[in-house]
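All remarks here apply to the structure that follows.
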Amino acid sequence: MEQTHHSFCRVCINQCSILVKTENGVATAVHGNSSNELYRGYTCVKGRSQPDYLRHSDRLMHTLARTADGHHPMPVETALDQIADQLADIRDRHGPRAIASYAGTMAHITTAPTAAPLHDALFDAIGSDMRFDPNTIDKGGKQVAASLLGSWGAPSQGFASPEAILLIGINPVVTCTGLPAGAPKRWLLDTLAAGCKLIVIDPRRTEVARLADHHLQVAPGHDVAILAAMIRTVIEDDLFDHDFVHRHVRGLPELRAALSAFDPDQVARRAGIAATDLAAAARCYAGAPRGYTMAGTGPNMAGDGTLVEYLVLVLETLCGRWLRAGETVAATPTLLPPTSYVAQASSFEGKWALPGRIRVRGLRRTKAGMPTAALTDEILTPGEGQVRALISWGGNPAVAFPDQQRTIEALKSLDLFVQIDPWYSASAQFADYVIAPTMPLEVPSTTVFLDYLAARGTGYGIGQAYGQYTPAVAERPPGSDLIEEWQFFLGLMRRMGYPVEVTPFGTGPQGPRYTITGQPTTDQLIEILSQDASIPLAEVKSHPGGLSRSDRLQRVDEGDPEVTDRLDIGNPLMIDQLSEHLDVSTTKDRSDRPFRLLCRRYLHVYNSSCNVERTNRGKPYNPAYMNPHDLAALDISERDLVRITSDRSAIAAVVHADAQLRPGVVSIAFGYGPATRDDDVWAVGSSPSRLVSVSDVFDRYTGQPRMTNIPVSIERITSEPQRHQQ
Ligand SMILES: Nc1nc2c(c(=O)[nH]1)N[C@H]1C(S)=C(S)[C@@H](COP(=O)(O)OP(=O)(O)OC[C@H]3O[C@@H](n4cnc5c(=O)[nH]c(N)nc54)[C@H](O)[C@@H]3O)O[C@H]1N2
Ligand SMILES: Nc1nc2c(c(=O)[nH]1)N[C@H]1C(S)=C(S)[C@@H](COP(=O)(O)OP(=O)(O)OC[C@H]3O[C@@H](n4cnc5c(=O)[nH]c(N)nc54)[C@H](O)[C@@H]3O)O[C@H]1N2
Ligand code: SF4
Ligand SMILES: [Mo]
């Protein structure tokens, strides 16, 4: 029987409203939902290819357990028995800290609403803080910077009618971060047509840079200096919001003094752009009455993400981009509990650091979470507290963690490594147990993740009060033995004898607590976890294609005039660090490594996910893109195999020409490989994570190492364009 179901896509954070066609319970096609006014029918190839993932011959249908001669299928309930016994044993012999978890991107995007509460309950019960996620190898500086500045009691203007948008090292028309979830490119085109100005700072003429009024095609790694010079222009040209600064801000004199060293002409010269363009961009942005800035992975991966994000907040604060009393909050929560908003600053009180120490590089848990770049060292460093068990779900450490060689060494050395993954991924290959989970269309869920994103800060979420519920719309493959992630964690808790108390996803440690008894269905669990939703779940369910609310928006309350707290734009920690960026190194300073390796992403894959025939169209590898002039100078041709060497290691890669790139850079996505022989890269791609050192250059707060702007050298290995011509 053929049917069409409303659902939403859980392959990326855009969470598109979709229509899923099924035949006898098997998904046959996924389309956009054009009657949803926010998504307007938008989807991408990753989401539309879901029918291919669900019944793909490579999908794991059974849990695998490692024996002396490799991985063999095992009933998932037996695996749970064995894992629970081993966890209890490790806890008793080595203490709770020896048990760690890693919740990767797919843990957040596909299963967080149900699985995160159970995962947290398990780790609370074990008593382990060793919970890692990708935030600190992504844009973790955002949360630390926010606590160094102090917080404003209401959101920023964000996506609500911006008149200027500043995007730094981010490409939202491809990645769906930095523009509101929905139909990102159409939203941007409409917003630009209404008069908004777009400024993009990126060494690559990206898809979004092509739409910009100002594209600063900078050399990588100069973002701190560029932001400092822009802020200096804003102050000198008197383009800042005097009233807001007078009432709610401190530190302007300290900031001004520190910025005096950042001469815009010099900064522009070193970053390889015209000083007039830099000044014009600053004036364009600050001259607009409303707007927002979003810094993406580019600047955050250059080694000083916290400082970059702090300067972004300084710029936003000087421009008065925070919502004031009486203004409405467009992204009022729908599936999260209601919150109150107040037009008031709360000062920094050293709150960036949280309890939870790491044994290496002086790192610790911060507002951004545990420093994930230090997890391999926590596994490999002997001594009290050494991590011996890792549960990894929805993530792929073997390709995503910085320094791949050490990561693989660490994964191999664990006493117990459990990888929950629908695919036999690079990480699954090293696991003691690979748990085969359900995939999104097979289970019910809600879009509470969109609410959570909006609460994370500027540049995230849907920009509207919006919610959707989906039932399971596709059946599990016949003969499969799959488990939902939340049931996996619940199963461990039951076996380990822990009572089960959960806090709904996104409500934080102060959230309500509910006891789970018996074996609820997923729908019953969702009901329990949605009890405090701002809009009753039943009402959201009554709009199967998605519910938009513009009538029940919350307003920002008046601040308390007695409160003297201020946002600190002259934080001494940040001001000190600023001076380190006066003299940013350039390619000229390293004749042995004359290129800089850049991070980037592709539309057709999601990190290491979605790389199937339908999306990659016969190109399963990740090309290393270079400017044609650089290729000519090195006598390298399109599709040659090259060796890319950093101070840490070397990889082979297939080279492609890209005239949109600034000369002197190599742009390659991660999530591919590892290739064991050079020629394998045609089939599995290359792992730039191998080139990253965790200890050379790293953010001192989040521990995030330099993952872009990495000095590298390039040499040709072979030239075989004929054999591999596609
Ligand atoms: N060199 C370098 N390293 C990087 C980056 C970079 O740009 N360059 N980027 C960093 C960033 S921003 C991030 S967020 C991290 C990402 O780090 P990870 O989250 O660790 O990496 P992913 O590749 O997203 O891992 C997703 C995993 O989920 C699995 N999966 C796919 N579909 C499903 C599903 O439906 N359910 C479940 N349970 N699992 C599924 C995939 O097979 C894969 O193993 O990597 C970081 N590492
Ligand atoms: N289609 C698709 N969407 C995705 C993903 C995916 O893999 N595919 N991944 C998801 C994840 S986990 C994340 S975190 C987001 C990331 O989303 P984005 O941050 O938008 O990621 P990128 O597209 O890699 O954009 C980073 C940009 O930074 C530029 N850049 C590199 N180094 C520097 C630098 O030093 N300075 C400046 N100014 N720019 C620099 C690069 O040229 C690149 O264009 O995307 C998410 N969305
Ligand atoms: S993967 Fe594509 S279809 Fe799915 S939510 Fe993201 S943008 Fe939408
Ligand atoms: Mo990410």
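Yes or no: residue 317 of a type in the set (S, T, N, Q), crowded, with 23+ Cβ neighbours inside 10 Å, farther than 27 Å from residue 448 by Cβ and touching a residue at least 60 places away in the same chain (Cβ under 8 Å)? For residue 317, the condition - of a type in the set (S, T, N, Q), crowded, with 23+ Cβ neighbours inside 10 Å, farther than 27 Å from residue 448 by Cβ and touching a residue at least 60 places away in the same chain (Cβ under 8 Å) - is met.
In this structure, residue 535 does not satisfy being surrounded by 14 or more Cβ atoms within 10 Å (Cβ to Cβ), in a helix (DSSP H, G or I) and more than 27 Å from the chain's Cα centre (by Cα). Here is a check on your reading of the model: is residue 280 farther than 29 Å from residue 553 by Cα and in contact with a helix residue (DSSP H, G or I) (Cβ under 7 Å, 6 or more places away or on another chain)? Criteria not met by residue 280. Within the stretch 93-107, the set of residues being part of a helix (DSSP H, G or I) and closer than 21 Å to residue 500 by Cα comprises 96, 97, 107. Exactly one residue among 327, 378 is closer than 30 Å to residue 153 by Cβ and among the acidic types (Asp, Glu), and that residue is 327.
So that you can scan it fast, the table gives a plain yes or no per residue for (1) within 18 Å of residue 375 (Cα to Cα); (2) free of Cβ contacts under 8 Å to residues at least 40 places away in the same chain; (3) more than 16 Å from ligand 3 (Cβ to nearest atom):
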| position | (1), (2), (3) |
| --- | --- |
| 90 | yes, no, yes |
| 93 | no, yes, yes |
| 102 | yes, no, yes |
| 109 | no, no, no |
| 116 | no, no, yes |
| 123 | yes, yes, yes |
| 134 | yes, no, yes |
| 137 | yes, no, yes |
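Within the stretch 142-164, work out how many residues are in contact with a Phe, Trp or Tyr (Cβ under 7 Å, 6 or more places away or on another chain) and either without any contact (Cβ under 8 Å) to a residue 40 or more places away in the chain or within 13 Å of ligand 4 (Cβ to nearest atom) (or both). Of the residues in the stretch 142-164, 0 are in contact with a Phe, Trp or Tyr (Cβ under 7 Å, 6 or more places away or on another chain) and either without any contact (Cβ under 8 Å) to a residue 40 or more places away in the chain or within 13 Å of ligand 4 (Cβ to nearest atom) (or both).
The set of residues in the stretch 120-141 being within 15 Å of the chain's Cα centre (by Cα) and either part of a helix (DSSP H, G or I) or away from ligand 4 (no atom under 16 Å from the Cβ) (or both) consists of 134, 135, 136, 137, 141. Just so you know, in the stretch 600-616 the residues that are within 10 Å of residue 175 (Cα to Cα) and open to solvent by 60 Å² or more (accessible area, probe 1.4 Å) include one that is nearest to ligand 3 (Cβ to nearest atom), and it is 603.
At least 1 residues being in contact with a strand residue (DSSP E or B) (Cβ under 6 Å, 6 or more places away or on another chain) is the threshold, and among the helices (runs of 4 or more DSSP H) wholly inside the stretch 258-325 those reaching it are 275-287, 297-300, 305-318. Among 424, 466, which is the only one that is open to solvent by 20 Å² or more (accessible area, probe 1.4 Å), among the aromatic types (Phe, Trp, Tyr) and in contact with a strand residue (DSSP E or B) (Cβ under 8 Å, 6 or more places away or on another chain)? Criteria check complete, one pass: 424. Among the criteria (1) of a type outside the set (Ser, Thr, Tyr); (2) open to solvent by 30 Å² or more (accessible area, probe 1.4 Å); (3) in the same structural domain as residue 202 (by TED's automatic domain parsing); (4) in contact (Cβ under 8 Å) with a residue 12 or more places away in the chain, the one residue 170 does not fulfil is (2). The residues in the stretch 58-85 that are open to solvent by 80 Å² or more (accessible area, probe 1.4 Å) and either over 29 Å from the mean Cα position of the chain (by Cα) or under 30 Å from residue 463 (Cβ atoms) (or both) can be counted, and the count is 6. Scanning the stretch 203-214 for residues that are under 15 Å from residue 626 (Cα atoms) and either more than 16 Å from ligand 1 (Cβ to nearest atom) or open to solvent by 10 Å² or more (accessible area, probe 1.4 Å) (or both) returns 203, 204, 205.
Residues in the stretch 1-58 that are within 16 Å of ligand 4 (Cβ to nearest atom) and assigned to a strand (DSSP E or B): 0 in all.
Among the residues of the stretch 38-52, the ones that are more than 16 Å from ligand 2 (Cβ to nearest atom) and open to solvent by 20 Å² or more (accessible area, probe 1.4 Å) come to 4 in all. Within the stretch 221-228, can one find any residue that is open to solvent by less than 30 Å² (accessible area, probe 1.4 Å), under 21 Å from residue 589 (Cα atoms) and within 16 Å of ligand 1 (Cβ to nearest atom)? For the stretch 221-228, residues open to solvent by less than 30 Å² (accessible area, probe 1.4 Å), under 21 Å from residue 589 (Cα atoms) and within 16 Å of ligand 1 (Cβ to nearest atom): present. On the given criteria, is residue 445 modelled with pLDDT of 95 or more, crowded, with 24+ Cβ neighbours inside 10 Å, of a type in the set (Gly, Ala, Ser) and under 22 Å from residue 529 (Cβ atoms)? In short, yes.
The residues of the stretch 380-398 that are farther than 23 Å from residue 116 by Cα and either within 16 Å of ligand 1 (Cβ to nearest atom) or in a helix (DSSP H, G or I) (or both) amount to a single one, 380.
The condition (being farther than 30 Å from residue 496 by Cα, in contact (Cβ under 8 Å) with a residue 24 or more places away in the chain, of a type in the set (A, V, I, L, M, F, W, C) and within 14 Å of ligand 1 (Cβ to nearest atom)) is satisfied by just one residue among 16, 44, 9: 9. For the residues 646, 667, 637, the requirement of being more than 14 Å from ligand 2 (Cβ to nearest atom), small (Gly, Ala, Ser) and open to solvent by less than 10 Å² (accessible area, probe 1.4 Å) singles out 646. Residue-level check: of (1) surrounded by fewer than 22 Cβ atoms within 10 Å (Cβ to Cβ); (2) within 16 Å of ligand 3 (Cβ to nearest atom); (3) not basic (Lys, Arg), residue 163 misses just (2).
The values are calculated or read from the model by the stated rules, or taken from the named source; none is laboratory data. For clarity, every value in this text was computed on a predicted model and none was experimentally measured. So basically every Cβ, Gly included, is an ideal-geometry build from the backbone, and we count neighbours across all protein chains shown. Heavy atoms of the whole protein, side chains included, go into the accessibility calculation; ligands, DNA and RNA do not. Shrake-Rupley method; radii C 1.70, N 1.55, O 1.52, S 1.80 Å.
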